[in-house]
1. Which whole-Hz couplings ³J(HN,Hα) result when phi for each residue of the stretch 174-185 is put into the Karplus expression 6.51 cos²θ - 1.76 cosθ + 1.60, θ = phi - 60°, listed in order with x for Gly and Pro?
2. Below 25 Å, Cα to Cα, which lysines can K230 reach? Residues fewer than 8 away in the same chain don't count.
3. Restricting to the chain, compute how many DSSP beta bridges are antiparallel as a %, nearest 5.
4. HN-Hα J couplings of the stretch 104-117 from phi, Karplus 6.51/-1.76/1.60, θ = phi - 60°, integer Hz, Gly and Pro as x?
5. Can you give me the C-alpha center-to-center distance between the stretch 196-239 and the stretch 19-76, rounded to a whole angstrom?
6. Using the Karplus curve 6.51 cos²θ - 1.76 cosθ + 1.60 with θ = phi - 60°, work out ³J(HN,Hα) for each residue of the stretch 69-82 in order, rounded to whole Hz, and write x for Gly and Pro.
7. If packing is taken as the average number of other Cβ atoms within 10 Å across a peptide's residues, how do 7-18, 182-193 rank, most packed first?
8. How far is it, in nm, from the label point at L36 to the one at S195 when both lie 7 Å from their Cα along the line to the Cβ?
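Quick note: the coordinates plus some simple rules give every number you see, no bench work behind them. Owing to the predicted nature of the structure, the values given are computational and were not obtained by experimental measurement. So basically every Cβ, Gly included, is an ideal-geometry build from the backbone, and we count neighbours across all protein chains shown.
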Amino acid sequence: MAAAGRVLVYGGRGALGSQCVRYLKSRDWWVASIDLAENEEASASVVVRVTDSFPEHAEQVTAEVGKLLGEEKVDAILCVAGGWAGGSAKAKSLYRNCDLMWKQSVWTSTISSHLATKHLKEGGLLTLTGAQAALSGTPGMIGYGMAKGAVHQLCQSLAGPNSGLPSGSAAVAILPVTLDTPANRKSMPDADFSSWTPLEFIAETFYDWITGKNRPNSGSLIQVVTTGGKTELVAAAHL
């Protein structure tokens with residue numbers, strides 16, 4: 001049976017990425033994972049090498065995806081790679097954490113954007129992962145805020161004319177507060193989980209947007225706000 005559609009998930013082995021892979025596969029979609037390790041549930045996996053050189057890293061991912069897809073186009077590229085690290089400008093870990101945040105969020109978003117120019121269908125969807133916290137200052141998590149702020153800027157740049165994205169396609173960033181992941185529950189066991197966003201909600205939202213249901217305009221920064229177990233999508237003002 002032919003696949004209903006084709007999607008790349010960058011960060012496909014993480015908590016959110018794995019959920020997206022499972023959800024789309026359950027809808028009979030072909031889903032490829034891009035991550036540091038293989039996702040055995042995916043239709044295909046691109047395993048990326050760890051390197052300190054961005055051009056080297058990006059060229060490897062771009063070449064591997066090119067080999068995988070050939071002339072085939074995809075309906076969506078979901079960049080859900082990322083991570084969190086705290087620390088003020090005074091922190092001993094500042095340089096290390098800034099480097100990590102840049103690699104996890106900005107490298108992956110930049111590569112996903114370039115992949116979209118090569119492999120996304122006309123009218124397709126590129127999603128990036130920002131953060132609601134980065135809509136304002138983040139003094140206790142300097143590296144995280146800078147990296148996510150850069151993702152927001154990238155998303156808005158991609159929506160402009162001559163950005164390189166295919167005709168009719170959209171770049172949309174989600175800006176979660178806290179995602180309900182096993183790692184977050186382990187690190188914050190006493191938190192109010194009813195204010196955390198279920199991964200299933202994000203996966204379902206992506207599916208709706210890919211298939212044209214309630215898709216925001218290109219360049220939108222969409223806050224994902226969960227209160228009392230109820231999640232809403234709220235567009236943020238542009239930068």
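1. 8, 10, x, 9, 9, 8, 7, 10, x, 5, 5, 5
2. Straight-line reach from K230, under 25 Å: K148, K186, K213.
3. Percent antiparallel among DSSP bridges in the chain is about 20.
4. Whole-Hz 3J(HN,Hα) from phi for the stretch 104-117: 6, 9, 7, 4, 5, 5, 5, 4, 4, 5, 5, 4, 5, 5.
5. 23 Å
6. Whole-Hz 3J(HN,Hα) from phi for the stretch 69-82: 8, x, 8, 5, 9, 10, 7, 7, 10, 9, 9, 10, 6, x.
7. On the way: 7-18: 25.4, 182-193: 10.9.
Ranking, from highest mean packing down: 7-18, 182-193.
8. 3.0 nm
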